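One structure is given below, encoded as structure tokens.
The values are calculated or read from the model by the stated rules, or taken from the named source; none is laboratory data. No experiment lies behind these values; they were computed from the predicted model shown. Ideal geometry is used to build each Cβ from the backbone, glycine not excepted, and the neighbour counts take in all protein chains shown. In case anyone asks, the SASA skips ligands and DNA or RNA and just uses the protein heavy atoms, side chains included. Shrake-Rupley method; radii C 1.70, N 1.55, O 1.52, S 1.80 Å.
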There are 2 protein chains.
Amino acid sequence: MTDTPFTLTLPFPKVIPSKVEAHIKRPLSSLRGMFADEEAYERMLGQEDTLVYEVFEIKRNEEVGELALGVSVVHPGVVGAEFFMTKGHFHSVLETAEVYYCLQGEGFMVMETPEGDTSVAALRPGTVLYVPPRWAHRSVCTSRQGDLVTLFVYPGNAGHDYGTIEKQGFRKLVIDGGNGIAFVDNPRWKKEAGS
Amino acid sequence: MTDTPFTLTLPFPKVIPSKVEAHIKRPLSSLRGMFADEEAYERMLGQEDTLVYEVFEIKRNEEVGELALGVSVVHPGVVGAEFFMTKGHFHSVLETAEVYYCLQGEGFMVMETPEGDTSVAALRPGTVLYVPPRWAHRSVCTSRQGDLVTLFVYPGNAGHDYGTIEKQGFRKLVIDGGNGIAFVDNPRWKKEAGS
């Protein structure tokens, strides 16, 4: 059978899609090892396994020509000086792009290639972000009050490679520098063996 | 060289993207044969070659894994009883999807497959529309005051087949029925020979 078109709405102010096939919740405990300040992380986790981000996905066939889409919600918060963020990932099929549209909030997309290029793009409501093939990407919410909410679209066959980032981290961190937001080198970044 | 990420903004109320590589303008004269009421069309064209719609495109390589994106603006107006609309098209690579996000205005996406399935989806600000592979699609602005503005994303290799629709039309028309918007069968629709 041929698929039929469908619409979904993103009702403000919640911006939770009216149609959802998977609702992924990422609490602090699922981000172990990803924040630079491990002491702050353990202290925070000991108090509460706070929800850091959520993803609402529309599932499509994982094939060329298809488009997967959904909404990402990163909640406000910090671990030490580091803002709440998504795990971030490369696409399993590295040569696939992604497009984001920022619906709400304030933050950044931290990106890097396997070759070591890095890029940090500001996200505000109305920002369209194009992530080219080969670029790993991680959303960071830098507001202390509100969620960072983005709509994303990527090729159906892209897949997610979380493992590389879990092992080596991103080269850049987004932190609250006291007098503003700062982008600093990740002191723990290490090239994954064999990657 | 590896591509670098980029952002663009869609500043309200104009919603014209801050980054544009192609600006396509479609005046009434470029839509000859597409509106049902040919007499009304010729009368209107005789007075002014009104701009019916515009597309602002971000160009990407036309290949699998890439995503093309842009903003479509359909202006308000009618030809006879039929609302202003885009030409509409199939993708040249039929098995490719498209995602729309409605930024502004009121209207519909009229869709159909080569097999004769039809679908009409309402577009309002905040509506996300998923167009599956195989579905031709045309945007129709049904507001009498404001533009219908949508952000679109489709696979880089999709391409545009305008010819099929130019020859056979869409099966459904969106008209001002006097007491509201009506979806009616296109009296002139005909299966293109060989399609």
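Results, tabulated for the structure shown:
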read-out: Highest to lowest packing among B:155-165, B:174-184, A:133-143, scored as the average C-beta count within 10 Å; value: A:133-143, B:155-165, B:174-184
read-out: Acute angle (nearest 10 degrees) that the helix B:38-47 long axis makes with the longest principal axis of chain B, alpha-carbon atoms; value: 70 degrees
read-out: Backbone HN-Hα couplings from phi across the stretch A:18-26 [Karplus 6.51/-1.76/1.60, Hz, Gly and Pro as x]; value: 6, 10, 9, 10, 9, 10, 9, 10, 10
read-out: Label spacing, shortest first and in nm, from A:N61 to its equivalents in the remaining copies (7 angstrom along Cα→Cβ); value: 2.6
read-out: Other-copy label distances relative to A:K191, 7 angstrom Cα-Cβ extension, nm; value: 6.1
read-out: Sequence-distant residues sharing a close amide H with A:K172 (under 5 Å, placed H); value: A:N186
read-out: Full-extension gain in nm, B:V184 to B:Q145, via 0.36 nm per residue minus C-alpha separation; value: 11.7 nm
read-out: Selection from A:P27, B:G107, A:Y154, by position along the positive dipole direction of the protein assembly as shown (Cβ); value: B:G107
read-out: Low-density loop positions, trypsin sites (Lys or Arg not before Pro), the stretch B:1-83 - DSSP coil, at most 13 other Cβ in 10 Å; value: B:K14, B:K19, B:R32, B:K59
read-out: Nearest-0.05 FRET efficiency for B:T118 and B:L45, computed from C-beta distance (R0 35 Å); value: 0.80
read-out: Chain B - accessible surface per residue (Å², probe 1.4 Å); value: 42 Å²
read-out: Förster radius 35 Å - calculated FRET efficiency between A:K25 and B:K59, Cβ distance, rounded to 0.05; value: 0.40
read-out: Per-residue ³J(HN,Hα) for the stretch B:98-113, Karplus 6.51 cos²θ - 1.76 cosθ + 1.60, θ = phi - 60°, Hz, x for Gly and Pro; value: 8, 10, 10, 10, 7, 8, 6, x, 9, x, 9, 9, 9, 9, 7, 9
read-out: 5 angstrom amide H check on A:G107, placed H, neighbours 5+ away; value: A:L123, A:T142
read-out: Global size of the stretch B:43-151 as Cα Rg and Dmax, reported in angstrom; value: 14.5, 46
read-out: Rel. contact order, % - alpha carbon contacts under 8 angstrom, at least six apart, chain A; value: 22 percent
read-out: Rg [Å, one decimal], Dmax [Å, integer] - chain A, C-alpha atoms; value: 16.5, 57
read-out: 5 angstrom amide H check on A:V78, placed H, neighbours 5+ away; value: A:F84
read-out: Nearest-first distances (nm) between copies at A:N179, label 7 Å from Cα via Cβ; value: 7.0
